[in-house]
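Peer 1: What follows is a single structure, and I will ask about it in a moment.
Coordinate-derived values only; no laboratory data. None of the values given here were measured: they were computed from a predicted structure. Because the Cβ atoms are built from the backbone with ideal geometry, glycine has one as well, and the counts that use them run over all protein chains shown.
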Amino acid sequence: MEHTGAEGGRAGGETALIYVLDAEFLRPLKVLQYSLHVHGSFAGCPIIVVTNDPVVRDDRFIRSIARDIEFMDDDHLRKFSTIRGDRIPTGLSTSFAPKFTFLKLAIFRPRGFYRHVFIDADMLCLNPVDEATLYAPQEFKAVREFGAGVFPIGAEPRPDGYPQTAFDYVDEYGEAVVTKIEGINSGFVCLQGRSISDDLMEQAIEIGSRKSFPNEQSLTTQIVRDRGFSYMRLPIWFNARRRLFASLGEDFFSAVRTKIMLMHYTPGKAWKMQRQGLRSWDRVWFDYEDRGTEWINDVASRMV
């Protein structure tokens, strides 16, 4: 694995911010980083970028913000090829890792920091992140995954009692709770202490080679449960999936917008949509991109 140092960032520190992406997510990653800058979130935290894509590795913006770029060549990706996954088409081996998110398992690898914060590149910061909650002593923190039936969209069937059932879910999962881990959504993950170790990624690959998992977040949930790490379920606002708002509508989005720390664009990527007729939760992404263009270009220009 090739490590590339960067001009930006600073050495040391207790918390590292980790991104895992390929070129498809360069554009939203830059807007995410601008939105974090606007809200003063994770300011000064060293940034680690994990990629198998030379376009990402060589990007001037990435090289400017990253303390370290971990480039996973084919030899290093090959270790992921034994992982079984229900959604991995036959014939794919090393190339599946980033596409099917198993490369996120790299968040477990020690890098000299006490705490790792992982944020998916398809997220957007709408309000300052509550970093104090992340400093709590629990070793692993994430938002619970919810099934599509909780927040149905389009032609999906509505459960009895909807939409009140959806509003009740938001109320129940709107606060931080120390509890046993259930299925997580790995769009935002904070791990610290014992949950960062040399053998965790290897153990995850070994387990994933014996048992089929649809994605890395299911595998990560099992690892955390098996190891007995202390767990905090984060409020839904740390990882507010687009589905919530597509299900509950404009009035709901307006009512909770000041609570949303990180919007997670899944399902549906705003930057792949036409600007005309966008709903407010998608339009806000373009608002940040428009306002951030000069800042993004300025950051990139710092790399000679």
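Peer 1: In debye to the nearest 20, how big a dipole does the chain give about its Cα centre with +1 on each Lys and Arg Cβ and -1 on each Asp and Glu Cβ?
Peer 2: 160 debye
Peer 1: Whole-Hz ³J(HN,Hα) for each residue in region 37-42, computed from phi via Karplus 6.51 cos²θ - 1.76 cosθ + 1.60 with θ = phi - 60°, x for glycine and proline: what do you get?
Peer 2: Running phi through 6.51 cos²θ - 1.76 cosθ + 1.60 with θ = phi - 60° gives 4, 4, 9, x, 9, 6 Hz.
Peer 1: Something else now. Given a cut-off of 19 Å, name the pairs among K79/K104; K79/K211; K30/K272; K30/K79 whose C-alpha atoms lie farther apart than that in the structure shown.
Peer 2: K30/K79
Peer 1: Hey, with R₀ at 45 Å, roughly what FRET efficiency would E131 and S209 work out to, going by the Cβ-Cβ distance, to 0.05? Write down the numbers at each step before the final one.
Peer 2: Details: r = 36 Å, r/R0 = 0.80.
Step by step, r from the Cβ atoms, then E = 0.80.
Peer 1: Given springs between every Cα pair under 10 Å in a Gaussian network model of the chain, which of R243, R227, R283 has the largest fluctuation?
Peer 2: Answer for the Gaussian network model of the chain: R227.
Peer 1: Running a GNM on the chain with Cα contacts under 10 Å, which residue among L278, L21, L126 ends up with the highest mean-square fluctuation?
Peer 2: Judging by the Gaussian network model, the answer is L278.
Peer 1: So, one more: Cβ neighbours within 10 Å, averaged per peptide: list 127-137, 32-42 in order, most packed at the top.
Peer 2: 32-42, 127-137
Peer 1: Under 12 Å Cα to Cα from K269, which aspartates and glutamates show up? Leave out anything in the same chain fewer than 8 places away.
Peer 2: Of all the aspartates and glutamates, those that pass the test against K269 - Cα under 12 Å, at least 8 places apart if same chain - are E24, D122, D282.
Peer 1: Counting alpha carbon pairs within less than 8 Å and at least 6 residues apart, what relative contact order, in whole percent, applies to the chain?
Peer 2: Working: 559 pairs, mean separation 73.5, N = 304.
About 24 percent, as a whole number.
Peer 1: Can I ask one more? Placing +1 on the Cβ of each Lys and Arg and -1 on the Cβ of each Asp and Glu in the chain, which of C45, F253, Y288 has its Cα farthest towards the positive end of the resulting dipole?
Peer 2: It is F253.
Peer 1: So if R0 is 45 Å, what FRET efficiency would L278 and Y114 give, r being the distance between their Cβ atoms, rounded to the nearest 0.05?
Peer 2: 0.65
Peer 1: Could you check which residue among A204, A255, A121 shows the biggest mean-square fluctuation in a GNM of the chain with a 10 Å Cα cutoff?
Peer 2: Highest fluctuation of the listed residues: A255.
Peer 1: Grab the other residues whose beta carbon is less than 13 angstrom from that of G183, score K and R as +1, D and E as -1, and report the net.
Peer 2: On the way: positive: R144, K180, R225, R233; negative: E145, E182, E216.
So the environment of G183 carries a net charge of +1.
Peer 1: For each of L105, L77, count neighbouring Cβ atoms within 10 Å of the residue's Cβ, then give the residues from fewest to most.
Peer 2: Arranged by neighbour count, lowest to highest, L105, L77 become L77, L105.
Peer 1: A further question follows. Helix-only estimate, please: 222 nm mean residue ellipticity of the chain, summing -39500 (n - 2.57) across DSSP H runs of length 4 or more and dividing by its residues, to the nearest 500.
Peer 2: -10000 deg cm²/dmol
Peer 1: Hey, another quick one. Could you put C125, C45 in order, starting from the residue whose Cβ has the fewest other Cβ atoms within 10 Å? Mind showing how you got there, number by number?
Peer 2: Values: C125 24, C45 21.
The fewest-first ordering by Cβ neighbours comes to C45, C125.
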